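Let me begin by presenting the structure, written as structure tokens, before commenting on it.
Please treat every number below as a calculation from the coordinates, not as lab data. Predicted model, so just to flag it, every value in this text is computed and none were measured. Counting neighbours? That spans all protein chains shown, and the Cβs are built from the backbone with ideal geometry, glycine included.
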Amino acid sequence: MTDVENVAAERFGVTAERGFLPRDDPLGHLPSPLAEWDELARDLPKLLATGRVRMFLERPPAFDIAPLTTHPDVERAMVILSYLGHAYVWGDAQPVYRLPAALARPWHDVAMRLGRPPVLSYASYALANWRRVDPEGPVALGNIVLLQNFAGGLDEEWFVLVHVDIEARAGNALVAIGEAQRAVQHAQAAAVEIALGTIACALEGMYQTLARMPEHCDPHVYYRRVRPYIHGWKNNPALPDGLIYEGTFGGAPQQFAGETGAQSTIIPALDAALGVCHRDDPLRPYLLEMRNYMPPRHRAFLAAIETGPSIRDYVYRHRTNEGLREAYNACITWIERFRSRHLRYAADYVFRQAQSSPANPTTIGTGSTPFLPYLRKHRDETAGSLI
């Protein structure tokens, strides 16, 4: 019998209050020996405004990783180096295929300590990139702002903060997954129904936050001023051979996907828990690859869910239990609505925009795949999971 205690969220740093967000608020500064890097990152929106950001980043201060003695220190360094690295590649008129060693080496070393590739990923763009305005208030829209921006402005700020709010709202659902699997193992139908009700309630809150995206993030502004900086260098027509990190990887060009919501662990965890199956297609290997961009503990949480008892099979065997079946179907319905809303945004914010350059394609996602067919397929497969 599977040890469902392995899925206890707290073992993986996941909390009901914050989900996959860090238990403690992310640091807003590096240790004092690296203060010059904080200043450089703080000036990044101004440097990008000059149109010559690469010139200012050619010879940054020396980066000594020795002062990074805690995990929050390392996460802060990863945020800064990721933003500066992407600004160097994408911030001037034409992208470059080579990153100078002064940026590449520390970025590589910090990324290796975190178990993630040296590229801007969702973990640095959203999970570790916020602070509360009122330290006593909630991690929620209206009380959070970004620690780091590219160009800055309300549209960029709002785009990322919507994701942070969603991550916090997902917490109750993530904790309830373990509760549901334990209840399944002990054949406690009433407890399974209660846990599914908690998941559905959290999903409704996540959907309501996602629906607020257009309030302060305009599709045209997003495509022109936010999206260009978050692309990676895998399957990108502007950098077909990838990026050379000078002084690392033996000088061989590397291909890493850019920042994408597919690197969030929320929906994969819910799919795994609820038995939402996606048939084999070219996106399936991609989604598995995106796990490499997740924090290792989040990957481990997802793997633990996948080895746990099947909630879907249990509900299906007891489908004559109307309350249990309806609780499960409510979860599926909210995931389908969430995916439908995301699909609509993908069309409005990217696909229907007038392509500005080969580096910012409208048919390829920032995570390096043709996104619309697969997003549509996953939405339909979710709806097909109803019992």
So the label point goes 7 Å from the Cα of Arg352 along Cα→C-beta, right? Which residues of region 208-228 then have their backbone N under 17 Å from it? 211-224
Residues of region 316-358 with backbone nitrogen within less than 12 Å of a virtual label 7 Å along the Cα-to-Cβ line of His186, please, listed as ranges. none
Additional length obtainable on full extension of the chain from Gln208 to Tyr97, 0.36 nm per residue less Cα span: 35.9 nm
Can you order the peptides 345-356, 12-23 by their average number of other Cβ atoms within 10 Å per residue, highest first? 12-23, 345-356
Taking every DSSP beta bridge that has both residues in region 4-383, what percent is antiparallel when rounded to the nearest 5? 75
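At a Förster distance of 30 Å, what's the computed FRET efficiency of Ser32 paired with Arg132, Cβ-Cβ distance as r, to 0.05?
Efficiency at R0 = 30 Å is approximately 0.85.
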From DSSP H assignment alone, runs of 4+ in the chain each adding -39500 (n - 2.57), the sum over residues rounded to the nearest 500 puts [θ] at 222 nm at -14500 deg cm²/dmol
Arg284 paired with Thr320, simple spin-label distance in nm, labels 7 Å along Cα-to-beta-carbon: 3.5
Cβ-based net charge around Arg225, under 12 Å, with every Lys or Arg adding one and every Asp or Glu removing one: -2
Taking neighbour counts of Cβ atoms within 10 Å as a proxy for exposure, in what order, fewest first, do Ile144, Ile387 appear? Ile387, Ile144
Round to the nearest 0.05 the FRET efficiency obtained for Glu17 and Met112 when R0 = 35 Å and r is the Cβ-Cβ distance. 0.70
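How far, in nm, would the chain grow between Glu306 and Asp380 when pulled straight, counting 0.36 nm per residue and subtracting the alpha carbon separation?
So the chain would gain 24.5 nm between Glu306 and Asp380.
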Starting from a Cα-only point model with no solvent, please compute log10 I(q)/I(0) by Debye for the chain at q = 0.08, 0.14 1/Å. -0.41, -1.23
